[in-house]
Structures are given as structure tokens and as C-alpha cells.
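The values are calculated or read from the model by the stated rules, or taken from the named source; none is laboratory data. Because the structure is predicted, anything quoted here is derived from the model rather than measured. FYI the Cβ positions are ideal-geometry reconstructions off the backbone, even for glycines, and counts take in every protein chain you see. Ligands, DNA and RNA are excluded from the accessible area calculation, which covers all protein heavy atoms including side chains. Shrake-Rupley method; radii C 1.70, N 1.55, O 1.52, S 1.80 Å.
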Amino acid sequence: MFDYLIVGAGFAGSVLAERLATRSNKKVLIIDKRSHIAGNAYDHYNEDGILIHKYGPHIFHTNSKDVFDYLGNFTEWRPYEHRVLASVDGQNVPMPINLDTINQLYGLKLNSFEVEQFFESVAEDVPVIRTSEDVVVSKVGRELYEKFFKNYTRKQWGLDPSQLDKSVTSRVPTRTNRDGRYFTDTFQAMPLHGYTRMFERMLDHPNIKVMLNTDYHEVMDFIPFKEMIFTGPVDEYFDYRFGRLPYRSLEFKHETMNKEQHLAAPVVNFPNEHPYTRITEFKALTGQAHPKTALVYEYPQAEGDPYYPIPMPENAALYEQYRKLAEATPGVHFVGRLATYKYYNMDQVVAQALTLYKKLTAPAEAAKPARPAIAGSTALVEKLVSRSPKGE
Ligand code: FAD
Ligand code: UDP
């Protein structure tokens, strides 16, 4: 008899498996329909021996010392601050938009004060910021919105920014200084030996059994377990009772080039050209030395594996129906990006899973208001969830 059947061996499932097994001596079976652990963070060495991320670039960043320290139990870190260039008007310019972006794009020599005035002069007056278009035009005006955001977003989501919740483009700040980093979080690092190695260490415990290539539907009637933790799509769990929750998918095209370096930055975004949104050069993220280089191109798709919940009001309303049903389903706990239909980064999913662990292991306390341990962990997830994900 397993204490827990955990569906999905990504961050949400693996953090819970690790905590329950090592801290609470629970017997855990974790299953995944894929042939590997680590969920979308899975990385592996390609046929040329270059470490690549199968499901697109995964860059770790967080403001939570708790999350960083927790993962640090399973990996050493390689300090890494991410940088992105955007291909706009025939130039590669820094993204997020900053002082250098404006000077380079328009051939100017503005200082921080002047660029702030420039943004003020072009910004549109939007009384209530509701959509992803509002966020950008109210900060940098329509021209920059059209050059950097409009077409990228249409390509990435198959929707106009005016249809998407403000939270989507709010992920990308605007700066009047010359900070060219993509994120400004306190902790920014890559697992030294990769994500998969980190997950292997998390799951390496006699109380944890891992079953891969297995959809939970195939086995759940034959496996005795007390409770389930579900990290797959919540609408799938309930057989799409209220209809399908829309997810955006991607196709990843991996390529190896016979040269040491190809791109001018770790990632180059293409808002206005090509059917793909961005190209990533993995060695720039991992620091690996190799005579060849591996790249991935991301092609957004409507159909395929569910990668992104789509933040817009009608989807939030549909998810709310599933959330209520999930809450009223005894013995099953829903956690992670797909199971809670949230556009979460890795650190937010880790925080969410650590919070659920505390709730599971202190049910009596959880029912009472404001006990310090529970209050602390809830505050942690709320802090990570409510902040702008770039940490600004
Ligand atoms: P997942 O990793 O999706 O794990 C869920 C697992 O459940 C999957 O392995 C799936 O196979 C399994 N599963 C689903 N249904 C079933 C079933 N029926 N039976 C058995 N198993 C099932 N975050 C960052 O912090 N930084 C980044 O740079 C970053 N880049 C990203 C780039 C891309 C292209 C994408 C798509 C995401 C990115 N993320 C990034 C987000 C990050 O991937 C997620 O926050 C994190 O992986 C979510 O973990 P999870 O455990 O909730 O879900
Ligand atoms: N975005 C954009 N242009 C860019 C980068 C981002 O329009 O050059 C918008 C786009 O809608 C994207 C969102 O901002 O989906 C969030 O960007 P982020 O880089 O955080 O996306 P992720 O890494 O999660 O795919």
C-alpha cells in the first residue's frame, strides 16, 4: 500500500515525493506518462554530447531564499544571469527594453533621465490597465509596443495582446537604466549538472518508487494507495466535465551547428520575423565547452502538449469551476502549473508544492488560522505568486 500516488514527475510531483518520503517517512509511487523524470525542465545530453533542454530553455531565478536553499540540497549551482536580444528593425537590441535599447534603436545618446522623459512623451493614457496591450502602451507607447510586443504575443499565444490578461506582458519590465539582464531576482543560477541530475537526487530514496511511460489511467485501479497528488491538466482529471481549458503548445526544433557559437546572446527573440518566437543557444546557459553548438527554435502551436495556461478572463472563469470541483474532491490534491492552471515559473511551483506539503502533514494546524509555520509558507507562495515574475 502506497501512502501517496503522485501523478507527474516534474517540479510539483518530485518536490512532494521528496518531502513526503524523507521528512514524513511516507511510501510514495510517482508516475509519469513520459519516458523521463523532471517534467518540462528535463535536460539531457544530445548525440553530440551537448546538454540541451528538451522542452525549451529553463532558466532558474527566484527571490525566495527558502526555495533556492531547498533545491540546493540536490544540486550545486552555476551562477548565471540571463540576457536576451530582440531582433527589431534589422538590429539585435537588448530586451527588456532599457536605455541601451532606445539609444541603439533610434541612434540616440539619451541618459536615464531623458529616456524616462521620452517614455512619458510616448506613453498612452490608459485609465485602467486590464490587458497585455494596456500594460505596454501605457509605459512605452504604441510604436515600441508594435515593434517588440504586438507580433511576438500574437505569434506566441495566437491572440492579440488586447485579449490577454495584463499578467502576461507584465512579466517583461521596462527600464530606464542600462541593466541588460532578463531577470533581476536575488537568486539566479543554473543547476551545475543540469535539472535531470537534480531531480534524480530528489527522487533517490528507498521510500520513492518511480514508474515512467505510464499514464495514471492505466494503473490507478490496480495500485493500492491512500491519497493522490495530481500534477497533470486539471480538466483532463475531470474528463473535461465543464469543457476543455485552453493551453498553448509549442513545437521545439533542435539543431546542432558545427561551430562553437552561433548567437550574439543566449536567447534571441524574433517579434516580427519567422514563424518561431525565439532561438536559444544552450551552451550559453550551461557554460559547457564544446566545439559544436546546440540551438532550439520555438514554434507556437494550438495543438500538442499543454505547455502554457492562457491567462484571459473566460479561461479563469472556466478554471474556477474546476478549482471548486478539485477542492471538493477528497483524497486528491492538485498542484503545479497544469493542475492549478497558473502561468507559474519553476520557483513558484516549488513554493506551491512546499506549501502543500506543510498542509498535508499538519492538517489540524492548517485548519486553524495563522499558525506560524503555515502562515509562513503561505506567505512565501503568495509573495512569489503576486510579485512580477521578473522580480521587479
Ligand atoms: P510539468 O513539468 O509539466 O510536470 C507535469 C508532469 O505530469 C509531466 O511530466 C507530464 O508528463 C505528467 N503527466 C501529465 N498528465 C499525466 C498523466 N495522465 N499520467 C501520467 N503523467 C502525467 N520556468 C522558469 O522558472 N524559468 C524558465 O526559464 C522557464 N522556461 C520555460 C520554457 C518553456 C518553453 C515552458 C513550457 C515552461 C518554462 N518554464 C520556466 C516553466 C516551468 O516549465 C514550469 O514552471 C514547471 O516545469 C512546472 O512544473 P510542474 O511539475 O507543475 O509541471
Ligand atoms: N513578450 C513579447 N516580446 C518579447 C518577449 C516577451 O511580446 O520579446 C511577451 C509575450 O507575450 C510573452 C510574454 O511577454 O509571452 C512573457 O515573456 P516571457 O519571456 O516571460 O515568456 P516565457 O519565457 O514564459 O515564454
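Numbers below:
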read-out	value
Long-range neighbours under 7 Å by Cβ, at least six apart or interchain, first residue open to solvent by 50 Å² or more (accessible area, probe 1.4 Å) within the range 151-162, second more than 16 Å from ligand 1 (Cβ to nearest atom) and not in a helix (DSSP H, G or I)	Asn151/Pro271; Asn151/Asn272; Arg154/Asp160; Ser162/Thr131
Filter result for Ala370 (modelled with pLDDT under 95, in a loop (DSSP other than H, G, I, E, B), open to solvent by 60 Å² or more (accessible area, probe 1.4 Å) and away from ligand 1 (no atom under 16 Å from the Cβ))	yes
Qualifying residue in the range 172-193 (condition: more than 12 Å from ligand 2 (Cβ to nearest atom), on the phi > 0 side of the Ramachandran plot, modelled with pLDDT of 95 or more and among the polar types (S, T, N, Q))	no
Criterion (surrounded by fewer than 24 Cβ atoms within 10 Å (Cβ to Cβ) and not in a loop (DSSP other than H, G, I, E, B)) met by exactly one of His44, His36, His58	His44
Selected residue (criterion: farthest from ligand 2 (Cβ to nearest atom)) from residues of the range 305-315 that are closer than 24 Å to Arg34 by Cα, assigned to a loop (DSSP other than H, G, I, E, B) and not acidic (Asp, Glu)	Pro306
Candidate set: the range 341-362, residues that are in a loop (DSSP other than H, G, I, E, B) and more than 8 Å from ligand 1 (Cβ to nearest atom); chosen: the one farthest from Lys26 (Cα to Cα)	Tyr343
Among (1) open to solvent by less than 50 Å² (accessible area, probe 1.4 Å); (2) part of a loop (DSSP other than H, G, I, E, B); (3) free of Cβ contacts under 8 Å to residues at least 40 places away in the same chain; (4) within 16 Å of ligand 2 (Cβ to nearest atom), the one test that Ile97 misses	(3)
Odd one out for Leu212, checked against (1) touching an Asp or Glu at 6+ places or on another chain (Cβ under 7 Å); (2) hydrophobic (A, V, I, L, M, F, W, C); (3) open to solvent by less than 50 Å² (accessible area, probe 1.4 Å)	(3)
Test: residue in the range 129-152 that is within 22 Å of His61 (Cβ to Cβ), part of a loop (DSSP other than H, G, I, E, B) and at pLDDT 95 or above	no
Cβ pairs under 9 Å, 6+ apart, first in the range 329-340 and more than 7 Å from ligand 1 (Cβ to nearest atom), second among the basic types (Lys, Arg) and in a strand (DSSP E or B)	Gly331/Lys226
Among the candidates His262, His205, residue that is under 22 Å from Ala38 (Cα atoms), part of a loop (DSSP other than H, G, I, E, B), open to solvent by less than 80 Å² (accessible area, probe 1.4 Å) and in contact with a strand residue (DSSP E or B) (Cβ under 9 Å, 6 or more places away or on another chain)	His205
Exclusive hit being touching a residue at least 24 places away in the same chain (Cβ under 8 Å), under 16 Å from Ile229 (Cα atoms), in contact with a Ser or Thr (Cβ under 7 Å, 6 or more places away or on another chain) and within 15 Å of ligand 1 (Cβ to nearest atom), set Gly39, Gly8	Gly8
Output for the range 61-84, where each listed residue is within 15 Å of Asn345 (Cα to Cα) and either open to solvent by 30 Å² or more (accessible area, probe 1.4 Å) or modelled with pLDDT under 95 (or both)	Asn63, Phe68
Unique residue being closer than 27 Å to Ala41 by Cβ, surrounded by fewer than 18 Cβ atoms within 10 Å (Cβ to Cβ) and touching a residue at least 12 places away in the same chain (Cβ under 8 Å) when the list is Thr169, Thr196, Thr184	Thr184
The one condition in (1) part of a loop (DSSP other than H, G, I, E, B); (2) closer than 21 Å to Phe11 by Cα that Phe199 fails to fulfil	(1)
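Condition check ((1) closer than 20 Å to Asn92 by Cβ; (2) at pLDDT below 95; (3) more than 11 Å from ligand 1 (Cβ to nearest atom); (4) part of a loop (DSSP other than H, G, I, E, B)) across all residues:
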| residue | (1), (2), (3), (4) |
| --- | --- |
| Thr256 | no, no, yes, no |
| Val268 | yes, no, yes, no |
| Pro271 | yes, no, yes, yes |
| Pro275 | yes, no, yes, yes |
| Thr280 | yes, no, no, no |
| Gln288 | no, no, yes, yes |
| Pro291 | no, no, yes, yes |
| Glu303 | no, no, yes, yes |
